[in-house]
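The block underneath contains the structure these notes are about, expressed in structure tokens.
The values are calculated or read from the model by the stated rules, or taken from the named source; none is laboratory data. Keep in mind the model is a prediction, meaning the values are calculated, not measured. Don't worry about glycine lacking a Cβ; one is built from the backbone with ideal geometry, like all the others, and counts go over all protein chains shown. Areas reflect the complete protein model, heavy atoms only, side chains present, ligands, DNA and RNA absent. Shrake-Rupley method; radii C 1.70, N 1.55, O 1.52, S 1.80 Å.
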Amino acid sequence: MIVATKAIVFSAIKYSEADLIVTCFTEKEGIKSYLLRRILKSKSGKLKASQFQLLTQLDLVAYHKNKGGLESIREAKVIYPYQTLHTNVVKTGMIMFLAEMLKNCIKEEEPNQGLFEYLENVLYWLDCHEEIANFHILFLLKLSAHLGFQPDNSKLDAEYFNLIDGCFQQNETGIYCEKGQVVEDFKRFFGINFDAISAIKISKTSRLDVLNLLLNYYQLHLQDYKKPRSLLVLNQLFQ
């Protein structure tokens, strides 16, 4: 079946000497993986390896057999050429982390229009702004809503955050209840948009604590969650 769809690149892995296996989140059919033959050596083909950098937004014409295997791409066009995401070293580290998290979190071969639009818009924002130290925290918090386990923020005045139930509460009810400065810093990310993240002034240590809290939350709510390998790179960039 020939499918024309927008797509966002989650990963591109070298396969054999000249091939790439590319995983994309497509607007029309969710996650799809494609085998791009000879793309690393071809100079005259329609497809270029540079089109499949992490989190690139594409228009694809693809052939989907929908049998669980690797699909093929006939045409690809970059919709929005990024100005900074693949040239700014800090943003490059950021998108490595985001892409790894997205591939870890999103596995369904079915459309999710709201999630797709969220990623389109937020990647555009990231490309256009420079004060991004808190970006990944708000990104993951808002992503959790699209994945179905957004924390309940109706009791932000409560002392504890329950990672299992995803809510703030006044009393400790088990080993998965956190309190202290990390919870107070976490609360500051609720009810804001990305334009407000530069107003959140927290130290590198505090930011890392909040990120680890969120990653622990993801681990408890996602099946087959894997700790992102790019986390070390991300933490070094925001020293």
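Is there a residue being in contact with a Lys or Arg (Cβ under 8 Å, 6 or more places away or on another chain) and either without any contact (Cβ under 8 Å) to a residue 24 or more places away in the chain or hydroxyl-bearing (Ser, Thr, Tyr) (or both) anywhere in region 125-134?
For region 125-134, residues in contact with a Lys or Arg (Cβ under 8 Å, 6 or more places away or on another chain) and either without any contact (Cβ under 8 Å) to a residue 24 or more places away in the chain or hydroxyl-bearing (Ser, Thr, Tyr) (or both): absent.
Hey, among the residues in region 28-54 that are in contact (Cβ under 8 Å) with a residue 40 or more places away in the chain and surrounded by 22 or more Cβ atoms within 10 Å (Cβ to Cβ), which one's nearest to LEU102 (Cα to Cα)?
Checked region 28-54; the qualifying residue nearest to LEU102 (Cα to Cα) is LYS32.
Only one of GLU109, GLU71 is open to solvent by 50 Å² or more (accessible area, probe 1.4 Å) and either charged (D, E, K, R) or modelled with pLDDT of 95 or more (or both). Can you tell me which?
After ruling out the rest, the residue left standing is GLU109.
Hey, does region 76-83 have a residue that's polar (S, T, N, Q), free of Cβ contacts under 8 Å to residues at least 24 places away in the same chain and either assigned to a loop (DSSP other than H, G, I, E, B) or open to solvent by 40 Å² or more (accessible area, probe 1.4 Å) (or both)?
Checked region 76-83: no residue is polar (S, T, N, Q), free of Cβ contacts under 8 Å to residues at least 24 places away in the same chain and either assigned to a loop (DSSP other than H, G, I, E, B) or open to solvent by 40 Å² or more (accessible area, probe 1.4 Å) (or both).
State which residue is nearest to the chain's Cα centre (by Cα) when the search covers only region 41-75 and only residues that are in a loop (DSSP other than H, G, I, E, B) and among the hydrophobic types (A, V, I, L, M, F, W, C).
Taking the candidates together, the pick is LEU55.
Enumerate the pairs (first residue in region 178-196 and assigned to a strand (DSSP E or B); second residue anywhere and modelled with pLDDT of 95 or more) with beta-carbon separation below 7 Å, excluding pairs fewer than 6 apart on the same chain, so at least 6 apart or on different chains.
If the second residue must be modelled with pLDDT of 95 or more, the pairs left are GLU178/TYR160; GLU178/PHE161; GLU178/LEU163; GLU178/LEU213.
Report whether or not ILE175 is more than 22 Å from the chain's Cα centre (by Cα) and under 20 Å from ASN235 (Cα atoms).
No.
Does GLY180 satisfy the condition of being loosely packed, with under 15 Cβ neighbours inside 10 Å, at pLDDT 95 or above and more than 29 Å from GLU108 (Cβ to Cβ)?
When the stated conditions are applied, GLY180 passes them.
Among the numbered conditions (1) closer than 30 Å to LEU214 by Cβ; (2) open to solvent by 10 Å² or more (accessible area, probe 1.4 Å); (3) outside any loop (DSSP other than H, G, I, E, B); (4) in contact with a strand residue (DSSP E or B) (Cβ under 6 Å, 6 or more places away or on another chain), tell me where ASN104 comes up short.
(4)
As an exercise: evaluate PHE10 against (1) out of contact with any strand residue (DSSP E or B) (no Cβ under 8 Å at 6 or more places or on another chain); (2) closer than 16 Å to GLU110 by Cβ and give the number of the one condition it does not meet.
Answer for PHE10: the failing condition is (1).
Name the residues in region 222-236 that are within 18 Å of the chain's Cα centre (by Cα), part of a helix (DSSP H, G or I) and surrounded by fewer than 17 Cβ atoms within 10 Å (Cβ to Cβ), would you?
LEU232, VAL233, ASN235
Take region 58-97 and flag every residue that is out of contact with any helix residue (DSSP H, G or I) (no Cβ under 9 Å at 6 or more places or on another chain) and of a type in the set (Lys, Arg).
Scanning region 58-97 gives LYS65, LYS67, ARG74.
Has region 146-169 got any residue that is among the polar types (S, T, N, Q), in contact with a strand residue (DSSP E or B) (Cβ under 9 Å, 6 or more places away or on another chain) and open to solvent by 80 Å² or more (accessible area, probe 1.4 Å)?
yes
Do you know which residues across region 1-24 are assigned to a strand (DSSP E or B), out of contact with any helix residue (DSSP H, G or I) (no Cβ under 7 Å at 6 or more places or on another chain), open to solvent by less than 30 Å² (accessible area, probe 1.4 Å) and not charged (D, E, K, R)?
Passing the criteria: VAL3, THR5, ALA7, CYS24.
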